[in-house]
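The values are calculated or read from the model by the stated rules, or taken from the named source; none is laboratory data. These numbers were taken from a predicted model, which means no experiment stands behind them. Here the Cβ positions follow ideal geometry from the backbone for every residue, glycine too, while neighbour counts run over all protein chains shown.
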Amino acid sequence: MIKKTIPFMAIRNLAFAVTVVLTLIGIGELIVKGLNFGLDFTGGTLIELQYERPADLERIKAELGQAGYTDAVVQSFGASTDVLVRLASDDPQLGSKVAEALHKLDPDVAFELKRVEFVGPQVGEELRDQGGLAMLLALGGILVYLAFRFQWKFGVGAVASLFHDTVITLGVLALFEIPFDLTVLAAVLAMIGYSLNDTIIIYDRIRENFRVLRKASLIENIDISITQTLLRTMATSFSTALALIALLLFGGDTLANFALTLLVGVVVGTYSSVYIGATVLVWLKLTSEDLIPPAVNEEVDGRP
């Protein structure tokens, strides 16, 4: 347990300036470059290949690159012998062309073309709209939940923190042109849940300390509360980051973008729980009176 209180709020203005700069950069990247939507959202062709032996995904991807299909996404599908190839094309003969190209480059490897499916851009656009709606509903639900569980000022702080996390994470995806598919969308939604949990832990301690530290100011309360939860926060973030780094290094192309997105989210989420979620409470001037439940006016029976 940390015995000395760390003055986190002493640099809250500097941290806010950094937050504004990073958020503006993230918004700028989203406006200038935009997200690199994957085939799940833009449409394309899906090709399933079944190999006689466990497939080497990296080798297949390299061979497709030699054949001119540089944008191909190669993934395992169920068993190690089943492979999915995704390409941004509506050519009805694409499956046969891909199979022929792979046979020419590596005739000793036997496989069978199982199916070829085309996902139209209309379906992709519908998925994109539903994904955006899911994120907005998640943020709105969080605001309502925290307003009922804590107080509306806590809800504003949590949503501001989650907005920052989402913008920064999406900005990193746009900057490095990482394909945004359903897997990455799942990582973004998981990041929102992770960041919210981190923020709630700190909010719970702040609320408890209002009853314990009656003479402490709001800033002192926040510094003490964050210090008390710091070891728990760092342990959770560090262990999660280790698991994500392992997925990033050894999980292959299928999980790499998921792991990278969630890793960025864990870093910015830990930061925002302290310097956005807690700082907003200072700006809104949270007091112990805000946490007192409103009195219920009972009707007095004046009959004799």
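Output the number of residues of the range 241-257 satisfying the condition of being at pLDDT below 90 and either surrounded by 21 or more Cβ atoms within 10 Å (Cβ to Cβ) or assigned to a helix (DSSP H, G or I) (or both).
10
Pairs needed: first member in the range 219-244, assigned by TED's automatic domain parsing to the domain that holds LEU260; second member anywhere, of a type in the set (D, E, K, R) and in a helix (DSSP H, G or I); C-beta distance under 6 Å; at least 6 residues apart or different chains.
Cβ pairs passing all conditions: SER225/ARG205; GLN228/ARG205; THR229/ARG205.
Report whether or not ALA79 is of a type in the set (A, V, I, L, M, F, W, C), modelled with pLDDT under 80, closer than 30 Å to MET191 by Cα and not assigned by TED's automatic domain parsing to the domain that holds GLY155.
yes
The rows are residues; the columns are (1) in contact with a helix residue (DSSP H, G or I) (Cβ under 7 Å, 6 or more places away or on another chain); (2) at positive phi; (3) not aromatic (Phe, Trp, Tyr); (4) not in a strand (DSSP E or B).
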| position | (1), (2), (3), (4) |
| --- | --- |
| ALA17 | no, no, yes, yes |
| VAL74 | yes, no, yes, no |
| THR81 | no, no, yes, no |
| GLY95 | no, no, yes, yes |
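Can you confirm whether the range 206-219 contains a residue that is at pLDDT 85 or above and closer than 27 Å to VAL264 by Cβ?
Yes, the range 206-219 contains a residue that is at pLDDT 85 or above and closer than 27 Å to VAL264 by Cβ.
Determine which single condition LEU189 fails, assuming it passes every other condition in (1) more than 30 Å from PHE77 (Cβ to Cβ); (2) modelled with pLDDT under 85; (3) part of a helix (DSSP H, G or I).
(1)
So, SER89, is that one in a loop (DSSP other than H, G, I, E, B) and either within 15 Å of GLY44 (Cβ to Cβ) or modelled with pLDDT of 75 or more (or both) or not?
When the stated conditions are applied, SER89 passes them.
Looking at LEU170, LEU162, LEU196, can you tell me which residue is of a type outside the set (Val, Ile, Thr) and closer than 28 Å to VAL73 by Cα?
LEU170
Scan the range 199-256 residue by residue and report those that are touching a strand residue (DSSP E or B) at 6+ places or on another chain (Cβ under 9 Å) and on the phi < 0 side of the Ramachandran plot.
Matches in the range 199-256: ASP253, THR254.
Just give me the residues in the range 20-40 being in contact with a helix residue (DSSP H, G or I) (Cβ under 6 Å, 6 or more places away or on another chain) and buried (at least 20 other Cβ atoms within 10 Å of the Cβ), in sequence order.
Residues satisfying the conditions are GLY26, GLU29, ASP40.
If only one of GLU52, GLU48, GLU100 is outside the structural domain of ALA186 (by TED's automatic domain parsing) and free of Cβ contacts under 8 Å to residues at least 40 places away in the same chain, which one is it?
Going through GLU52, GLU48, GLU100 in turn, just one is outside the structural domain of ALA186 (by TED's automatic domain parsing) and free of Cβ contacts under 8 Å to residues at least 40 places away in the same chain: GLU100.
Among the numbered criteria (1) assigned by TED's automatic domain parsing to the domain that holds VAL98; (2) part of a helix (DSSP H, G or I), which single criterion is violated by LEU24?
The number of the failed condition is (1).
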